[in-house]
Amino acid sequence: MSTPTITHVRAFTVRGGGADYHDQDHGHWIDDHIATPMSKYPEYRQSRQTFGLNVLGTLVVEIEASSGEVGFAVTTGGDIGAWIVEKHLARFVEGQKVTDIEKMWDQMFNGSLFYGRKGIVLNAISGVDLALWDLLGKVRQEPVYHLLGGAVRDELQFYATGARPDLAQQMGFIGGKLPLHHGPAEGEEGLRKNLELLADMRQRVGDDFWLMYDCWMSLDVNYATRLAQKAQEFGLKWIEEALPPDDYWGYAELRRNVPKGMLVTTGEHEATRWGFRMLLEMGCCDIIQPDVGWCGGITELIKISALADAHNALVVPHGSSVYSYHFVITRHNSPFAEFLMMAPQADKVVPMFNPLLLDEPVPVNGRMKVPDRPGFGVRLNPDCALTRPYSR
């Protein structure tokens with residue numbers, strides 16, 4: 001049999017949830033006074049949407065093969081990402097064999113190096129890469145995790161990210177990660193409130209349930225160190241993304257300063273093997289957390305994970321639904337996964353990229369078997385209004 005080739009690449013955008021999970025209605029926990037790099041400005045402190053966290057929207061990439069199959073993937077990127085896919089990246093994909101994913105990734109990355117390297121360009125490359133893996137799985141009638149070498153465990157286990165770790169415990173998750181609400185600009189009172197919330201949650205969940213703090217790039221080394229040292233009393237398992245992603249030196253210092261046994265984690269906003277090489281070689285963290293929709297896709301995550309394995313670091317991808325599930329189930333150094341609680345009050349389990357994906361699996365009692373369906377095993381919801389802003 002001849003190998004199918006790629007005939008068409010298409011890029012769409014959609015608003016309201018999906019991969020851009022910050023694109024939510026008012027009143028959602030994910031937008032409720034969460035510390036950010038913009039929290040130094042009082043006018044941008046209460047809502048992350050006020051400084052534009054929801055402006056991008058979701059990018060949907062479709063890739064069609066000569067044999068008729070269509071692979072797709074979703075990430076953040078909106079109109080900007082769609083332009084990059086349609087006007088630049090498509091030339092490296094159309095006409096290629098569906099199996100030549102490594103070559104296509106290399107050409108997309110090096111072809112955009114003069115203006116890319118990280119950020120929105122890597123989001124776009126990631127979206128194309130994930131769609132290519134979805135397409136290859138559909139052509140071969142196998143789930144992506146089979147293509148990656150097969151499962152190393154029977155099921156995934158999850159911790160939950162959201163405002164109510166106590167409810168997550170009742171739902172069977174192994175831990176709960178809280179958003180940090182107050183940053184350095186809110187002074188001692190803010191620090192006290194952060195610790196009071198942690199103390200309250202520890203009292204609710206008992207001693208053995210994991211509790212973590214997601215600081216979303218909002219702190220400096222001094223504040224993060226003080227928070228970690230004071231949080232030791234309440235059994236904080238890790239402090240996540242405390243500093244801006246380019247402050248490798250600060251992360252290395254923070255890791256040296258945190259209490260013994262507490263983990264430093266980061267990498268959600270890092271990209272490519274070269275960015276993660278900096279984190280690992282400089283001793284910045286114990287767990288890296290690449291987002292497969294932002295770091296370069298599955299193709300790059302394979303390399304990042306191998307690099308981490310050589311440094312005895314765990315890889316726990318940032319919550320990215322099926323795109324990380326298919327990877328985590330195949331890797332020994334990814335022993336658990338993140339699930340974002342996308343219900344507005346974090347009081348029930350709903351699909352992470354709702355409403356965009358159909359057949360999106362969710363944990364039951366904190367566990368999940370990865371569905372044995374071709375590709376990533378999900379479909380686009382036809383009720384979601386896709387727009388193709390830059391058709392060719």
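What follows draws every value from the coordinates through simple rules; no lab data is involved. Model, not experiment: these values are computed from the prediction. We place every Cβ from the backbone using ideal geometry, glycine too, and count neighbours over all the protein chains shown.
Okay, here's what the table says:
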read-out: Distance from the stretch 203-273 to the stretch 19-74 (C-alpha centre basis), Å; value: 23 Å
read-out: Computed E for LYS97/GLU233 - FRET, C-beta separation, R0 41 angstrom, nearest 0.05; value: 0.10
read-out: Charge dipole (debye, nearest 20) of the stretch 156-373; +1 at Cβ of Lys and Arg, -1 at Cβ of Asp and Glu; value: 480 debye
read-out: Cα gyration tensor category, rounded, prolate or oblate, for the stretch 156-373 with a/c compared to 1.5; value: oblate
read-out: Residue among VAL74, VAL364, VAL328 with the largest mean-square fluctuation in a Gaussian network model of the chain, springs linking Cα atoms under 10 Å; value: VAL364
read-out: On Cα atoms only, tilt of 272-281 relative to the major axis of the chain in degrees; value: 30 degrees
read-out: Charge dipole (the stretch 104-230, unit charges on Cβ, about Cα centre) - positive-most of ALA124, MET108, TYR213; value: MET108
read-out: Nearest-ten-degree value, helix 187-205 long axis tilted from longest Cα axis of the chain; value: 80 degrees
read-out: Size of electric dipole in the stretch 263-382: Cβ of Lys, Arg +1 and of Asp, Glu -1, about Cα centre, debye, nearest 20; value: 300 debye
read-out: For MET38, net neighbour charge (Lys/Arg +1, Asp/Glu -1) across residues whose Cβ lies under 12 Å away; value: +2
read-out: Listed pairs LYS40/LYS230; LYS138/LYS369; LYS118/LYS237; LYS40/LYS303; LYS230/LYS369; LYS260/LYS348 exceeding 26 Å between Cα atoms; value: LYS118/LYS237; LYS40/LYS303; LYS230/LYS369; LYS260/LYS348
read-out: Global geometry of the chain, whether rounded, prolate or oblate, following the gyration tensor of its Cα atoms and the 1.5 cut on a/c; value: prolate
read-out: Three-way shape call for the stretch 121-251 based on the alpha-carbon gyration tensor, with the a/c threshold at 1.5; value: oblate
read-out: Degrees separating the helix 119-140 axis from the principal Cα axis of the chain, which is the longest one; value: 50 degrees
read-out: Cβ crowding within 10 Å averaged over residues, with 294-304, 264-274, 204-214, 5-15 ranked highest first; value: 294-304, 264-274, 5-15, 204-214
read-out: Helix-derived mean residue ellipticity, 222 nm - over the chain, DSSP H n ≥ 4, -39500 (n - 2.57), to 500; value: -9500 deg cm²/dmol
read-out: Cα centroid separation - the stretch 311-371 against the stretch 90-114, whole Å; value: 28 Å
read-out: 10 Å beta-carbon shell around ARG48, net charge (K/R +1, D/E -1); value: -1
read-out: Rounded to the nearest 20 debye, dipole of the chain from Cβ charges on Lys, Arg, Asp, Glu; value: 440 debye
read-out: Environment charge of PHE209, counting only residues whose C-beta is closer than 11 Å and scoring Lys/Arg +1, Asp/Glu -1; value: 0
read-out: Among 247-258, 33-44, the order from most to least packed when residues are scored by Cβ within 10 Å on average; value: 247-258, 33-44
